Amino acid sequence: MLMSLFITSLNSGSNGNCYYVGNETEAILVDAGISCSEIEKRMKRLGLSMHKVKAVFVSHEHTDHISGLQVLTKKYQLPVYITHATLRYGRIRLQKHLITFFTALEPIVIGNLSITAFPKFHDAADPYSFVVCCNQIKVGVFTDIGTPCKNVIDHFQQCHAAFLEANYDDTMLEQGGYPYFLKSRIRGDKGHLSNKQALELFTAHKPSFMSHLLLSHLSKNNNCPHLVQQLFNEHADGVKMIVASRYQETAVYHIHNSNNIDVPIQHHRVSSPQLAFAFV
Ligand SMILES: [Zn+2]
Ligand SMILES: [Zn+2]
């Protein structure tokens, strides 16, 4: 058990993003786009302790990634890893002593975790995705990505588990009621990954040791969780497929080196639709 990783999505979608990655002794959050009290409530339900959380990494300045940041980091005096541009464009007010600026591709060591940021395409000032490594186990958080560029592919290929954006279904977006400019923005090279793009990335670049894929940042209006679950199940090839909810936390998943052993850590709340769905 020691030196493997535990992961969960506390919320995922354009209404708020917060991802937890940790080992037995320490953890980090990627983004804090739901309120501090929701983060506390959801972690408590999962049996996760805020006291293990040592830092928050901020991917970009869109509200759905930062709305809970100020209150959470002040309350727990959590260091925030961010870039100058994200801080400035997001007009994020943080206590100065909590701010650390990170540099792309320079790993940051927090206890036994090592976190690497890499730049990707998205319509934000200075957007990054992250890979968290612990004892050679890697988990990536890949959301808010316009196009699956070389950086995304290179890092996806290293991951034992990944949160991967599957934002929209092409047909639902096309036939939906969004104005043309918004459809173009979402579909564009700096928008979001479609189900099709995510599936192509997965089937073409999935490493043999990948055990879990958490489909993330699903659009409320242009996607359907059951559609995504079905689509990815058809191509799973032994990988556990989980659709992260816009409304509640997923279970905690244990990521370790021996493949094909799935140990859901939390057994309570399986009666809720999300978890019942997750364990199908
Ligand atoms: Zn977002
Ligand atoms: Zn965004």
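Spatial offset of segment 156-225 relative to segment 26-92 amounts to 23 Å, using the alpha carbon center of each. Under 21 Å of direct C-alpha separation, and excluding same-chain neighbours fewer than eight residues apart, LYS196 reaches these lysines: LYS120, LYS150, LYS183, LYS206, LYS220, LYS240.
Taking one quarter of the surface of the C-alpha convex hull of segment 1-41 gives a mean projected area of 3.0 nm². Partner aspartates and glutamates whose Cα lies under 15 Å from the Cα of LYS75, excluding those fewer than 8 positions away in the same chain, are identified as GLU38, GLU40.
Determine the calculated [θ] at 222 nm for the chain from helices alone, applying -39500 (n - 2.57) to every DSSP H run no shorter than 4 residues and normalising by the residue count; nearest 500 deg cm²/dmol. Present the calculation step by step, with values, prior to reporting the outcome.
On the way: 10 runs with 76 residues, N = 280.
Per the formula, -7000 deg cm²/dmol.
Averaging the sequence gap over all C-alpha pairs within less than 8 Å and six or more residues apart, then dividing by the number of residues, gives the chain a relative contact order of 19 percent.
Across the alpha-carbon set of segment 5-154, the Rg to Rh ratio works out to 0.92, Rh being the Kirkwood radius. Computed from phi, the 3J(HN,Hα) profile of segment 163-177 under the Karplus parametrisation 6.51, -1.76, 1.60 (θ = phi - 60°) reads 8, 10, 5, 9, 6, 8, 8, 3, 5, 4, 5, 4, 8, x, x Hz, with x in place of Gly and Pro. For VAL53, the residues whose amide H sits under 5 Å from its own are ALA27, ignoring neighbours fewer than 5 places away on the same chain, with H placed 1.01 Å from N.
Only protein heavy atoms count here; on that basis, with a 1.4 Å probe, GLU200 has an accessible area of about 100 Å². Amide hydrogen proximity for ILE145: with H placed 1.01 Å from N in the peptide plane, the residues at 5 or more positions away or on another chain lying under 5 Å are LEU193. Under a 5 Å amide H cut-off, with hydrogens placed 1.01 Å from N, ILE110 pairs with ILE115 among residues at least 5 apart or on other chains. Nearest-5 percent of antiparallel DSSP beta bridges in the chain? Given both bridge residues lie in the chain, the antiparallel proportion sits at roughly 55 percent. Over 27 Å apart: what share of the alpha carbon pairs of the chain falls there, rounded to a whole percent? Considering the chain, 32 percent of its Cα-Cα pairs are separated by more than 27 Å. So which lysines can LYS74 reach, going by Cα to Cα under 26 Å and dropping same-chain residues fewer than 8 places off? Straight-line reach from LYS74, under 26 Å: LYS41, LYS44, LYS52, LYS54, LYS96. When each of the peptides 91-103, 10-22, 126-138, 186-198 is scored by how many other beta carbons lie within 10 Å of its residues on average, the order from highest to lowest is 10-22, 126-138, 186-198, 91-103. Placing a label point 7 Å from the Cα of THR171 along the Cα-to-Cβ line, the residues of segment 200-222 whose backbone N sits under 15 Å from it are 222.
The values are calculated or read from the model by the stated rules, or taken from the named source; none is laboratory data. Note that this is a predicted model, so its numbers are computed, not measured. Note that each Cβ is placed from the backbone with ideal geometry, even for glycine, and that neighbours are counted across all protein chains shown. Heavy atoms of the whole protein, side chains included, go into the accessibility calculation; ligands, DNA and RNA do not. Shrake-Rupley method; radii C 1.70, N 1.55, O 1.52, S 1.80 Å.
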